[in-house]
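Working notes for the structure below.
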Amino acid sequence: MGVVVALFGFVGGVISVPITIALTFSVWILGAVLVDLYCAPPDD
């Protein structure tokens, strides 16, 4: 999803570069957090 946002902003030119960078990193961070939450082993 982060790559899609980056392509949409940089190549498509739909949104400005600073907003594209911020959205791309926020999507990557959110994805990393979700993977960490759902793939963490359960605590006993």
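Overview of values
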item	result
Where a residue in the range 17-44 is closer than 16 Å to Met1 by Cβ and its partner, wherever it lies, is not in a helix (DSSP H, G or I), with Cβ under 7 Å and at least six apart	Val27/Met1; Gly31/Met1
Of all residues in the chain being hydrophobic (A, V, I, L, M, F, W, C) and not in a helix (DSSP H, G or I), the one that is surrounded by the most Cβ atoms within 10 Å (Cβ to Cβ)	Ile15
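Only the coordinates and a few stated rules stand behind these numbers; no lab work does. No experiment lies behind these values; they were computed from the predicted model shown. Neighbour counts are summed over all protein chains in view; Cβ atoms, including those assigned to glycine, are modelled from backbone coordinates with ideal geometry.
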